[in-house]
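Read the structure below first, then the notes.
The values are calculated or read from the model by the stated rules, or taken from the named source; none is laboratory data. Note that the coordinates shown come from a computational prediction; the quantities given were computed from them, not determined experimentally. Quick reminder, even Gly has a Cβ in these numbers, built from the backbone with ideal geometry, and neighbours come from all protein chains shown. Areas reflect the complete protein model, heavy atoms only, side chains present, ligands, DNA and RNA absent. Shrake-Rupley method; radii C 1.70, N 1.55, O 1.52, S 1.80 Å.
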Number of protein chains: 4
Amino acid sequence: MQNKAAVMHGIHDFRLEDVPVPEPGPNEVMVEIRAVGVCGSDGHYYEEGRIGSFVVREPLILGHESMGTVMALGDEATKHEVGERVTLEPGVPDGTCRECRAGHYNLCPNVRFFATPPIDGAFTNYVSIHEDFAFHLPDGLSDNAGALMEPLSVGIWACKKGNVTAGDHVLVTGAGPIGLLAMQVAYAQGATEVTVTDVASERLQIARDLGATRALNVAEEPLEEAGLEADVLIECSGNERALGEGIRCVRPVSPW
Amino acid sequence: MQNKAAVMHGIHDFRLEDVPVPEPGPNEVMVEIRAVGVCGSDGHYYEEGRIGSFVVREPLILGHESMGTVMALGDEATKHEVGERVTLEPGVPDGTCRECRAGHYNLCPNVRFFATPPIDGAFTNYVSIHEDFAFHLPDGLSDNAGALMEPLSVGIWACKKGNVTAGDHVLVTGAGPIGLLAMQVAYAQGATEVTVTDVASERLQIARDLGATRALNVAEEPLEEAGLEADVLIECSGNERALGEGIRCVRPVSPW
Amino acid sequence: MQNKAAVMHGIHDFRLEDVPVPEPGPNEVMVEIRAVGVCGSDGHYYEEGRIGSFVVREPLILGHESMGTVMALGDEATKHEVGERVTLEPGVPDGTCRECRAGHYNLCPNVRFFATPPIDGAFTNYVSIHEDFAFHLPDGLSDNAGALMEPLSVGIWACKKGNVTAGDHVLVTGAGPIGLLAMQVAYAQGATEVTVTDVASERLQIARDLGATRALNVAEEPLEEAGLEADVLIECSGNERALGEGIRCVRPVSPW
Amino acid sequence: MQNKAAVMHGIHDFRLEDVPVPEPGPNEVMVEIRAVGVCGSDGHYYEEGRIGSFVVREPLILGHESMGTVMALGDEATKHEVGERVTLEPGVPDGTCRECRAGHYNLCPNVRFFATPPIDGAFTNYVSIHEDFAFHLPDGLSDNAGALMEPLSVGIWACKKGNVTAGDHVLVTGAGPIGLLAMQVAYAQGATEVTVTDVASERLQIARDLGATRALNVAEEPLEEAGLEADVLIECSGNERALGEGIRCVRPVSPW
C-alpha cells in the first residue's frame, strides 16, 4: 500500500509525493479517497498561500470535500464495514469543550479541519478519521455527489439558520456552488420562490436550469430596482454590496 | 336578493329558512358562499347539540370552511373587488386584546368564530366579514379546494408548531381530513417520511394514495411494535391511546 | 381649557404657541402631560432639522417620552378613569397590517409615532391617544420616572432580543440614558456582570454608581485589550467602532 | 487510604463496608466526598428497591448530590488542582452519541449516572470522575451548599425551559427542595411573583420564608378558586391533580 498526495509547498507549487499511510487510531476508519471537490478556500491557498489568519507555512495537503471507501478499521471502530462507501465530515471537534458540550461543535476552537494549516486534507490516496465523521452513502448516490455532502451541508445550515419554510421567497446572492446548493435546499425545505443574483451570466444560466424562479444579473439590473421582497436572504457571494442591497430586500421581521 | 340558510334548531333538526341579507359594515365585504366544508365540529353540534362548553341554545347556522364571491363592499373596504373569489378565515379577533397585540390572534378571547354559538356560520347564501379575513383565491384553485383553506391551515399550523423540516420523519396519528392535510403540509415543508396511523382501512388507503410512506392499521398492528422513530408527532385522531403511544415513538429532543 | 405647545418651526427655532385642544376620538383618552423626556432624536431634529429620511418640513411638536393625567374619555374608552396617572406608548400602529397581525406592531409601516414628522408629540399641555397605549402608573413611581417608561422599554426590548438571562455577562457599549437603562434591565433579567464602555468619564461614573461591574473608558483603554468575554452585546453608542469591537468580545454561539 | 461506603444490599438494608479506592483514569480526578444530599430518588431506592424500570439487583452505593476535595489527578487531567473544592455533576455522558453531538447530553442513552443501577454513587469516601464534570466551588460557598448544585441545576433547567424572565408570575406546584430551588431561580431570572402550592403547611412556611409571594395550601383552598393567572408553571410535586390544575392557571400562549 502506497500513499500519494498532492502536497502544496507554496503558492502555485504543488508536488505529487509519497506520504505515510495514515494507520487508523482507536475509533478511526482508514478511507481510500475516491472523489474530492475543490473549494474556493483551496483556490485561495493555491493562489495566495493564505486565507485571513490561516497561512500555509509548512507543506500542506489541500482538499476537504471528499468521499471514499473504508479500507481498515481502528480499534473499537464499529460503525462502518470495510468496503463501505462513505462521505467525510472534514472537521473533527474535541467533543469536550464548552461549545461541543452545548452542541455547537462547529464552533469547537480545537477542531482539526482538513486542509487548514497545519492539518492535511484529502488530495491524497488515504486518510484516517474518527468513525463518527464518516457517513454511509446510499448506492443511488454517485461518488462525485458523495464528495459534495460537505458544501451541501453549508446550504442546509444556512437554510436552517434562516428558518426557510413552506411558502417562503428566498433571495440567494451569489450563484456559485454554495449559492446553487443553498437554493436547492431552500426548495427542499418548502420555499416556493428563489431569486438568485450574480454578475456572471453563465452562472445565472445554471441557476435557471436548476430551478431558480428568477436569476438576476445585478451588473445589468441593480437589485434595488428589481422590487424584490424576500422572507430570507442567504448571502453566498462574499460581496459587500450584495450583502447591503440584499438586506434591504428582506421583509421586516421581529426576533421576539 | 334573498338569503336562504340551513338553520339548526336542535339535534337532528335543520330547517331551510329565509334569513336577513347581511349588509357589509365598515371594512367588510359581503360574500356569496359557493362552497362549504362540513367539519367534525358541525357533526358534533348536529348529533349532540354541543361541543364541550359550547352549547346550541338558540337557532344557529353551522359551517365554517367556506369560500365564495365578493358581492358588495362596505365603507372603506379596499382590499377586494366585486366578483373576486375569496376564501374566508372564519374567526375574526378583536385586534386589541393582549393576545392580538402579541400576534396570537388565534387565542383572542373575544374572537367571533363562524358556527360557534351564538355566531352564525356559512351554511347560507350570503355572509359579511372583515375584508382582512377574506383571501384572494388564484384561478387555478377550484371552489371546493378554496373552501378547504381553513382545515389546511390547521395542518400548516401543526407543522409550524412541530418545526417540521427537511429530512424529518413525521408520525401522523389519525387519517381523517385533518391528518391527511397535515401529512401533505409535512411533505411541503420537506419531510421525507410520513407514517399515518388509523383503525379504518379505507382511510389508510387514502393516506397511501396521497403519498404516506407507511399507513399502519393500529387495530391490527400495535404502534409500539412497529419500531417507529419519528422526529415529530402530529396527533389528529383525538384518541387518548394514539396520543400516548405516539409520544413514545418520538425521538428524545431537548427544548433548550 | 387652553393648550400651549413648544412648536419647532426650524433648526433652533422653537416657539411657544396656542394649539387646539385635541378632543379624544372613539376609544381615545385625553391626557394632560406632566413630564416629558428629551430623547436624542429630539436633539437631532432641533440641531439638524432631520433624522435620516425624517425631515421637519412643517411646524412640529417634539417629545415622545411622556406621562400625564387622564382628563377626558372618548366614546367607548373604558380602560382608564379621569384623574388616573398614565405613561404613554408614543407609537400607535394600525392594528391590521401584516406586521400587526403577526404581533410585530413595532414594525407597523403605518404607525403614528409622536414627534415624527408629520405627527406631533408631547411638548404640549394635552394630547389624545388610543386607550390601549396609555398605561396605569403605580403610586410609587414619580412623574419623571413615569415619563421614562418609553426609553426603559428600549432596554427591555434589547435584553429580550439578546435573551439576557441568569448568570450572563453583558457588554453595554455606550453609557447614555439608553445604555444605562439597558444595563439595569440586564440585571433585572438576572445578569451577574455588566461591563459598560464610553469615552466620557462622567457618564462612566454614573454607570458605576448604578451598579456596572466594570466601566471602561475606551478612549484610554481599548476594548480589545480589556480581555472581555461577554455572552451578550447591547450596542447603545451609535459608534461604528464600538459595534465592531463589541462583536469581537462576544462568545461564539450558534443560533441552531 | 481506605474507602468506606454505605452500600445498599436491599430494601432497608444499608451496610458500611470497605470498597476499593477508585483510582482516577485518564482525564479523571479522584475526589474525597465532603457532603452529599439525599434525593427523593435515594429514598425510593431505600424504601422500594426501585424507581420505575431502575431496579437495585446488585449491591449499590446511593447518593448523587455531592461535593468534595480533589485528591489526585489522572493522566492528562489539567482542569483542577489537588486540594481544590469541587461540586460533581453526577451524570457522565458518552460525548459521541447523537444526543451528545447535538448538545443534549442530558439525554445521552449511555450516560453513567451516580446511584443509578448499576453505577455507584457518592455515599462513600472517594469517587473518581471525568474532570469536566467536577466544577470549582468559590470560597464563599459552604460544603453543604456545594453539594446542592445538582438539585439547583434542576431548577435552573426548569426556568430555562419555561423561559422565565423579568416581570413573570411563576406558579410552582410543590414546596419540596426542588420546588423551593426552582422558586429561587425564577427570582434570579427576574420573576416578580412566585406562587407556591403544597398540602404541607410546614413546607409552605419555608416557601414564605424564602420569599414566595404567595404560599397556598391546596388541601384547604383549591387552586382553581385562587384566581391565579401565571405566565409559567413549574410542576415539582409529582401530583397529577397539581399538574392538571396548574395548567389551567397558565395564560394562553402560542408557541409560534
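Structure notes:
- Breaking point among (1) within 14 Å of another protein chain (Cβ to nearest Cβ); (2) open to solvent by less than 10 Å² (accessible area, probe 1.4 Å), for residue C:174: (1)
- Each residue in segment A:78-96 was checked for being open to solvent by less than 20 Å² (accessible area, probe 1.4 Å), under 30 Å from residue D:134 (Cβ atoms) and part of a loop (DSSP other than H, G, I, E, B), and 2 of them qualify.
- Qualifying residue in segment A:114-132 (condition: of a type in the set (A, V, I, L, M, F, W, C), assigned to a strand (DSSP E or B), farther than 29 Å from residue A:48 by Cβ and within 14 Å of chain D (Cβ to nearest Cβ)): no
- Single unsatisfied condition, residue C:200 versus (1) away from every other protein chain (no Cβ under 14 Å); (2) at pLDDT 95 or above; (3) touching a strand residue (DSSP E or B) at 6+ places or on another chain (Cβ under 7 Å): (3)
- Once segment D:219-233 is narrowed to residues that are touching an Asp or Glu at 6+ places or on another chain (Cβ under 9 Å) and farther than 20 Å from residue D:160 by Cα, the residue that is most open to solvent (accessible area, probe 1.4 Å) is D:224.
- Qualifying residue in segment D:144-160 (condition: open to solvent by 70 Å² or more (accessible area, probe 1.4 Å) and among the small types (Gly, Ala, Ser)): no
- Residue match in segment A:215-234 (condition: part of a strand (DSSP E or B) and within 19 Å of residue A:40 (Cα to Cα)): yes
- Any chance residue C:216 is more than 28 Å from residue D:168 (Cα to Cα) and without any contact (Cβ under 8 Å) to a residue 24 or more places away in the chain: yes
- Close contacts from segment A:94-109, counting a first residue that is at positive phi and within 7 Å of chain D (Cβ to nearest Cβ) and a second that is at pLDDT below 90 and crowded, with 19+ Cβ neighbours inside 10 Å, with Cβ to Cβ under 6 Å and a gap of 6+ residues or different chains, come to A:103/D:103.
- Answer from D:211, D:244 - the residue that is under 25 Å from the mean Cα position of the chain (by Cα), of a type in the set (Gly, Ala, Ser) and assigned to a helix (DSSP H, G or I): D:244
- Pairs linking a residue in segment C:143-160 that is away from chain A (no Cβ under 14 Å) and under 14 Å from residue C:187 (Cβ atoms) to a residue that is crowded, with 20+ Cβ neighbours inside 10 Å and basic (Lys, Arg), with Cβ atoms under 9 Å and 6 or more positions apart or on different chains, do not occur.
- Annotation: residue D:135 fulfils all but one of (1) away from chain C (no Cβ under 12 Å); (2) in a helix (DSSP H, G or I); (3) open to solvent by 60 Å² or more (accessible area, probe 1.4 Å); the unmet one is (2).
- Subset tally (residues that are modelled with pLDDT of 95 or more and of a type in the set (Asp, Glu)) for segment C:232-244: 1
- Hey, residue C:216 in contact with a Cys (Cβ under 9 Å, 6 or more places away or on another chain) and either of a type in the set (Gly, Ala, Ser) or open to solvent by less than 70 Å² (accessible area, probe 1.4 Å) (or both) or not: no
- Looking across A:236, A:249, one residue alone is open to solvent by less than 20 Å² (accessible area, probe 1.4 Å) and more than 14 Å from chain C (Cβ to nearest Cβ). It is A:249.
- Residue count for segment C:181-194, restricted to those that are surrounded by 24 or more Cβ atoms within 10 Å (Cβ to Cβ) and away from chain D (no Cβ under 13 Å): 2
- Annotation note: of D:110, D:106, the sole residue that is assigned to a helix (DSSP H, G or I) and under 22 Å from residue D:153 (Cα atoms) is D:106.
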